[in-house]
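The structure under discussion appears below in the form of C-alpha cells.
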Amino acid sequence: MFAKAFRVKSNTAIKGSDRKKLRADVKTAFPTIGTDQVSELVPGKEELNIVKLYAYKGDAVTVYVSGGNPILFELEKNLYPTVYTLWSYPDLLPTFTTWPLVLEKLVGGADLMLPGLVMSPAGLPQVQKGDLCAISLVGNRAPVAIGVAAMSTAEMLTSGLKGRGFSVLHTYQDHLWRSGNKSSPPSIAPLALDSADLSEEKGSVQVDSTLQGDMRHMILEGEEENGEAHQACEEKSLSEAPEDTSTGGLNQDSTDSKTLQEQMDELLQQCFLHALKCRVKKADLPLLTSTFLGSHMFSCCPEGRQLDIRKSSYKKLSKFLQQMQQEQIIQVKELSKGVESIVAVDWKHPRITSFVIPEPSPTSQTIQEGSREQPYHPPDIKPLYCVPASMTLLFQESGHKKGSFLEGSEVRTIIINYAKKNDLVDADNKNLVKLDPILCDCILEKNEQHTVMKLPWDSLLTRCLEKLQPAYQVTFPGQEPIVKKGKICPIDITLAQRASNKKVTVVRNLEAYGLDPYSVAAILQQRCQASTTVTPAPGAKDSLQVQIQGNQVHHLGWLLLEEYQLPRKHIQGLEKAPKPGKKK
C-alpha cells in the first residue's frame, strides 16, 4: 500500500475527544494490549497528530503520528499498527517468520506466499482468514511487515504451504516508514525454547524442508505498476539454509540481553558525551538545555537509531542532566524561571576524555544504504533581469526581445557594446557616455529628458539594471533550471501569539527552496520536543506554513544554515531567536 509515495491531504493536532476515542479503538482492535500500554502508545498530554493522506492507488488513509513517527493507520475503519509500534510491542499480533531475502520483495509491493514461511518447532501461529498478522525475519522477532492472512492456519497446512499466504499492507522501508525517523528494527531475540524443543528443532526444520522439498521458486507474488502479478526465483531453498537457522538463526550478543530501556539509557549517555566532546565549545555557554538536546545530542545519534528520552529510565531530559550534574560533568542552572541552561562543562572529566567516538556500524550502513533518501542539497539561486517592452529598442541590436532573461554581466556587456558601436563614449572624458534618443527613452525620467545629456558609466549601468524587471533562476541538483519573474521570496520566520498566550514559531516559503514542509515539521517536532502543525499559508496559493510551539528560531536557524547550508541572505527572521537565559 505504501510501496510508492503518497499524497498528504491534511496534518492536524488531535483533539481531546479524538484522543480518547483512539484509545478505545486501540483497546478494541488489539484486545491483548494492557491499559498501561494503551496509555504509552496514545499518551494523554504529549503531542499527537492526525494525518489524512491518499495512497498511490487512491485509498484514503488516516495516520496517527506521535513523536515524529507514524504509530497507527486507519483504512476503511480498520486500525493497524506500524512497524514503529510493533518494535515496542512485538507481541501485539501473531507473528510469522520468513527469510531476510524476502524483505526486498515485500518492500516493493509483493505479497507473501506460503512457501516463504519458516516453520518453528512450535508450528505456525493459529489465525483465521482475514486476521491481521506481523511478519518477522529469521533470527529477529522485531516485525518488518504487517499483512492480512489469506487463509486460516489449518488451510495453510492442508495446502502443503502453497499459494498466497498474506496480503501485505505495510513494511519496514516503505514510504510510511520513511515518513518517520527511518530507524532500523531493534534486535529482539526469538522466544526462548525449552531443552526438549532445542533438541528436536533441527529435525523439525528438516521435516519442513522435506515437506517443501524441491521448491526452488520464490515465495512471493508482487504487483507491478500495471497491476499484473509476477514471481521471482529464490536463490536458496529451505534445505540450503545455513545450519544455524535450525535454532532460529540467533546469534545473541550483549545487546540482545539488555532491555530496550537499558539500550536507550546507553544511547542517551553516548550522545551526551559525544556532543560534549565534539560539538559544544566553551563559547557556546550558557547553552539552553533544549538547544543542547535538539541541535547537538540528536545530531550525534548513530544512523538507524532513534534517541527517545521517554523510553529511557530517566523519562525527562531534566532528570538525566541532573544525574550528569551529580557526576560533576556539567553544571545546570535555571537562569530564568522554568528555563534551564548548561553553564559549565568539565571537559577534563574522565568520562569525556576517555570517551571514544563510535564508528558507523557497517550493518547499519548496509541496511540504510538502499532505503535512505538523497540528502538535501540547497539550490543554486541566480538573480536575472527580464527585458520589458519599454527597453526593447536598446536590446534588440544584441538579438534580445521583450521577455528575454539576462544575467547582470550580460546586461553590462550589451550596454558597453551598444555605447561603443554607436560612438557614444565621450571623446574628452572616457568615463562619460553620451545619451542618444534610445538611451534617453529607456533610462531617463521625464523631467530629465532635456537636462541630462551624459552619464558616468556606473550611473548608466545602474539605471539600466533598475529599469529592467527582476527575475531569478533556481537550479536544484540534477534538475533543469527554473526561471521565474520577480524576486525569490526568502524563507520567512515569524513569532506569533496565540489565544492561549503561548508563542508559536511560523515558517513560510520552504517550498521555493525545495524543502518539504511536512519533513521539516517532523524534524523540528523531534528536535524541539514540541507540537508542530502544517497548514495552508494565508494569502499564498498552493503554499504551506509550519507552526512549532514555542520560540524555536534557534533550532530552525541551525537546521537551515548549518545542516541545509542555505545562504543567510535567503532567510529572514533569524534575529528573533531567544537570548540565552531568556524565557521562550
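The values are calculated or read from the model by the stated rules, or taken from the named source; none is laboratory data. Fair warning: this is a prediction, and the values are worked out from it, not measured in the lab. Cβ sites come from the backbone with ideal geometry, for glycine too, and all protein chains shown count toward neighbours. Please note that ligands, DNA and RNA were not included when accessible areas were found on the heavy atoms of the full protein model with its side chains. Shrake-Rupley method; radii C 1.70, N 1.55, O 1.52, S 1.80 Å.
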What length, rounded to one decimal in nm, is gained on full extension from residue 20 through to residue 541, with 0.36 nm per residue of separation minus their alpha-carbon distance?
184.0 nm
Taking the solvent-accessible surface of protein heavy atoms with a 1.4 Å probe, what is the per residue accessible area of region 57-201 in Å²?
37 Å²
Residue by residue through region 75-80, what is 3J(HN,Hα) from phi via Karplus (6.51 cos²θ - 1.76 cosθ + 1.60, θ = phi - 60°)? Round to whole Hz and write x for glycine and proline.
9, 6, 6, 9, 9, 10
Sorted from largest down, what three extents in whole angstroms do the Cα atoms of region 63-164 have along their principal axes?
43, 30, 27
Return the long-range amide H neighbours of residue 110 (sequence gap of 5 or more, or a different chain), with a cut-off of under 5 Å between placed amide H atoms.
223
Evaluate the distance, in nm, between pseudo-label points positioned 7 Å from the Cα of residue 347 and of residue 27 along their respective Cα→Cβ axes.
5.4 nm
Determine the gain in length on full extension of the stretch residue 412-residue 76; use 0.36 nm per residue of separation and subtract their C-alpha separation, reporting nm with one decimal.
114.6 nm
Which chymotrypsin sites (Phe, Trp or Tyr not before Pro) in region 496-584 pass both tests, a DSSP loop state and at most 11 other beta-carbon atoms within 10 Å?
none
For region 136-149, what does the Karplus curve 6.51 cos²θ - 1.76 cosθ + 1.60, with θ = phi - 60°, yield as ³J(HN,Hα) per residue in whole Hz, taken in order and with x for Gly and Pro?
10, 9, 3, x, 8, 7, 5, x, 10, 6, 10, x, 9, 5
Karplus ³J(HN,Hα) for region 5-22 (6.51 cos²θ - 1.76 cosθ + 1.60, θ = phi - 60°; Hz, whole; x = Gly/Pro) runs 4, 10, 10, 7, 8, 7, 8, 9, 6, 6, 7, x, 5, 5, 5, 5, 5, 4
For region 508-584, what is the accessible area per residue in Å², given a 1.4 Å probe and the full set of protein chains?
47 Å²
Where Lys and Arg each count +1 and Asp and Glu each count -1, what net charge lies around residue 506 among other residues with Cβ under 11 Å from its Cβ?
+3
For region 23-106, which trypsin sites (Lys or Arg not before Pro) are in a loop by DSSP, counting at most 13 other Cβ atoms within 10 Å?
45, 57, 77
At a 1.4 Å probe radius, carbon and sulfur cover how many percent of the accessible area of region 452-565?
52 percent
Share of pairwise Cα separations in region 433-584, more than 18 Å, in percent
67 percent
Sorted by chain and number, the residues with a modelled amide H under 5 Å from that of residue 404, at a separation of 5 or more or across chains, are 387
Amide H contacts under 5 Å for residue 489, restricted to residues at least 5 apart in sequence or on another chain and with H modeled in the peptide plane, are none
